[in-house]
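What follows is a set of notes on a single structure, which appears directly below.
We did not get these values from a lab; they are worked out from the coordinates using the rules stated. Please read these numbers as outputs of a predicted model, since none were measured by experiment. FYI the Cβ positions are ideal-geometry reconstructions off the backbone, even for glycines, and counts take in every protein chain you see.
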Amino acid sequence: MSRTTDQPHRSPIALQVLLLLAVTLLAYSPLHSAGFIWDDDFYVTENPTLQTSAGLLDIWTSLAATPQYYPLVFTSFWLEYQLWGNHPLGYHAVNVLLHIGSALLLWLFLQRLQIPGAYWAALCFALHPVMVESVAWITEHKNTLSLFFALVTLHLYWRYLARPRRGIYITALIAFAAALLSKTVTGSLPAVILVLLWWRHGRWERRQILPLLPFLMLAAVMGAITIWVERHHVGAQGVEWSLAPWTRFALAGRIICFYALKLIGPVSLSFVYPRWEATAFQPSICLFPILVIGVLLICWRRRQRWGRGPVAALLIYCGVLFPALGFVDVYPFRYSFVADHFQYHASLALLVFIVTGFEQWRRGRAVPLRRLGSVLGIIVLVLLGWQTEQRCRVYRDAETLWRDTLAWNPDAWIAANNLGLSLVTQRRYAEAEPILERARSIAVFPRDRSRTLRNLAHLYRETQRLELAQPCLEEALSVQPNWILAWADLADVLERRGQLDPALDCWQKILLLNPNDAHAAQQIGLLYADRGDVNTAEKYLRRAVQLQPERDQLQLNLGVVKARQGDLRSAKECFEAAIRLNPQSAEAFFNLGLTLLHLNDRDAARTALQRTLDLQPDHAAARQTLLQLEKLPPGQ
């Protein structure tokens, strides 16, 4: 064993690959029974772009078609959706395999650079529990996919520098574009290459820098697109991101130190970490950026003695982390300024630095100490793998994830809110209510509180406590007056409480906010129909049908109103349209049967009513009508 550890380059490469593959699969084995969690619905299970060929085109041509504009990620999801639909195992398997692929690419690249401990570093990356969030969370497929392409780019560009060939260069550029189209954090790769060249040679040459210009241009374009999408589509703007420049500077230092400590000592990991206070001036947090700058300066001053490796590793680590340091607004900052998945790419630099330093120390010792170092390394890897296996269990389902988050971070509003909503969805109302009340009490931002209020209102509606639901929704709308979903909920509560005029006002408000809301137009039409104003009802229901002609229920409702107007032939056309859209609609067949009966087409009416009973055998009205029809004498 010591020989394998001391001189890994002498071991069969196939055996090393199989070992890395086996231990990583073992560490991530709990994912075989893991499901979907937070945001996976927007990215996969309820993402309409994955369900049609037209959606595949939208993924590439529309910035707003998907939650973020990472078209290669959603193209991958599109292909996976065609293969295994809403079964999570396939998505988890792809993420794990990409993670393993990145570990292997890291190992090969470090070997190319003749860095000591290359295989150890690859194993450490593969098994480190900080990586679990990126691998176990299907939404973070963008991390695993982008890092894989970034490492492919690094290999190809290094090969191009050794033997300049146009084909290699173009392939490297394509791989870099693929990395950017998966996640734009890889835009730092040209800078990483420059730092590596400086570390290697102590200088830059024209032939090394000029080919990087197209890479830099691609990175700038995709970076600008991502910033725009993050602000204007994802919603990373508002009071939650209103930070003073000095605060952002102080946060950057604290974030770097936080991530470094989690890599060195991966304990107390959480899906959502506490959000640090970032409004009042705190001199103490200024120590963090001073510490980071101080360490960089020391490494720089000592580069003649220590070599350029330490300063290069720290520059790469901080540079790759830059998009997550607080200088650029990203949506998750409303919950926390740090998250494990933010350092998935950057972690490579620091892990390699730590492992290389340890390996150099180990190789410079006497044989007993070298063997002791090998044993310690194996123990560390076993502990990392065990932690990863345990951490993967947290991602079994949303409830498990949010409960674990609250155990480590009791003030995590998003965890309490989403856990409560999950329990409401499962009809576990008694468990959900105190958790949602807790979420309401710990919400820092008004928008968060309003979201919890809507969830509480949903719970009260489900438990028939409408008198409690109404004030919750009214308070939520006082914070977000243009929130269409809350207006719809309030309208439903008012209708169920018999307050039809205020309910009608709510639906009118929704239609004012969104003139293309077919559901609002339908509800207005139904309310007018209940009042007996069938002409006004017909106007709104026709508008609803025009907005969403593919919805059978809208056609059905319009047909009922047309029948009440006495326009039986138009009603018949509406019911037939509803049946074409949904051949399993018993109500459409029943109403068609009644209409045909009034049009004196008895045979067709009998067929429609019989079809109603075929679809819904307990349809009493259809059975009664059919019996009456059979008793009618011919000609009546």
Compute the distance in nm between two label points, each set 7 Å from the Cα along the Cα-to-Cβ direction, one at ASP505 and one at ARG163. 7.9
Measuring from its Cα centre, segment 472-581 shows a charge dipole (+1 at each Lys and Arg Cβ, -1 at each Asp and Glu Cβ) which, in debye to the nearest 20, is 440
Tell me which of ILE168, GLY101, HIS232 sits at the most positive position along the dipole axis of the chain, charges placed on C-beta atoms (Lys, Arg +1; Asp, Glu -1). ILE168
What does the net charge come to around LEU473 if you take all other residues with beta carbon closer than 11 Å to its beta carbon, with K and R at +1 and D and E at -1? -2
Under Karplus coefficients 6.51, -1.76 and 1.60, residue-wise ³J(HN,Hα) of segment 313-329 in Hz, glycine/proline x: 4, 5, 5, 5, 4, 5, x, 5, 6, 3, x, 10, 8, x, 7, 10, 6
For a label point 7 angstrom out from the Cα of GLN628 toward its Cβ, which stretches of segment 554-592 have the backbone nitrogen within less than 15 Å? 590-592
Compute the FRET efficiency between PHE327 and GLU467 as 1/(1 + (r/R0)^6), taking r as their Cβ-Cβ distance and R0 = 41 Å, and round to the nearest 0.05. 0.30
Determine the gain in length on full extension of the stretch ARG363-THR425; use 0.36 nm per residue of separation and subtract their C-alpha separation, reporting nm with one decimal. 16.6 nm
The FRET efficiency for ASP603 and ASN516, from their Cβ-Cβ distance with R0 = 51 Å and rounded to 0.05, is 0.80
Toy charge model, Lys and Arg Cβ at +1, Asp and Glu Cβ at -1: segment 272-406 dipole around Cα centroid in debye, rounded to 20, equals 920
Counted neighbours (other Cβ, 10 Å), sorted fewest up, put MET222, MET217 in the order MET217, MET222
For segment 437-463 and segment 41-109, what is the separation of their Cα centres, given in Å? 32
Tell me which label goes with the value of volume of the Cα convex hull per residue in Å³ computed from the coordinates here: (1) 191; (2) 159; (3) 310. (1)
Tilt of helix 484-496 relative to the longest C-alpha principal axis of the chain, in degrees (0 to 90, nearest 10)? 40
In sequence order, calculated HN-Hα J values of segment 395-402 (Karplus, 6.51, -1.76, 1.60; Hz; x Gly/Pro): 8, 4, 7, 5, 4, 4, 4, 5
Footprinting proxy, LYS539, LYS262: sorted fewest to most Cβ within 10 Å, the residues are LYS539, LYS262
For segment 273-358, which chymotrypsin sites (Phe, Trp or Tyr not before Pro) pass both filters: DSSP loop (anything but H, G, I, E, B) and at most 10 other C-beta atoms within 10 Å? PHE281
Which one of PHE36, ILE435, ALA521 is farthest out on the positive end of the charge dipole of the chain, using unit charges on Cβ (Lys, Arg +1; Asp, Glu -1) and the Cα centre as origin? PHE36
Would you mind working out the magnitude of the charge dipole of the chain relative to its Cα centre, with +1 at each Lys and Arg C-beta and -1 at each Asp and Glu C-beta, to the nearest 20 Debye? 3600
Cβ-based charge dipole, segment 310-402, positive-most Cα from ALA346, PRO332, GLN360: GLN360
Quick one: angle between helix 602-615 and the longest Cα principal axis of the chain, in degrees between 0 and 90, rounded to 10, please. 40
Within the chain, which is the longest segment that contains none of the GluC sites (Glu not before Pro) sitting in a DSSP loop with at most 14 other Cβ atoms within 10 Å? 278-549
If the reach is capped at under 26 angstrom between alpha carbons, list the lysines near LYS183, excluding any in the same chain fewer than eight residues apart. LYS142, LYS262
Length-normalised contact order for the chain - Cα pairs under 8 Å, 6+ apart - percent: 11
Filter the trypsin sites (Lys or Arg not before Pro) in segment 357-431 down to the DSSP loop ones having no more than 12 other Cβ atoms within 10 Å, then list what survives. ARG365, ARG427
If you take the beta carbon distance between CYS286 and VAL375 as r and set R0 to 51 Å, what does 1/(1 + (r/R0)^6) give as a FRET efficiency, to the nearest 0.05? 0.75
Could you state the angle between the C-alpha long axis of helix 500-513 and the longest principal axis of the C-alpha atoms of the chain, as a value from 0 to 90 degrees rounded to the nearest 10? 50
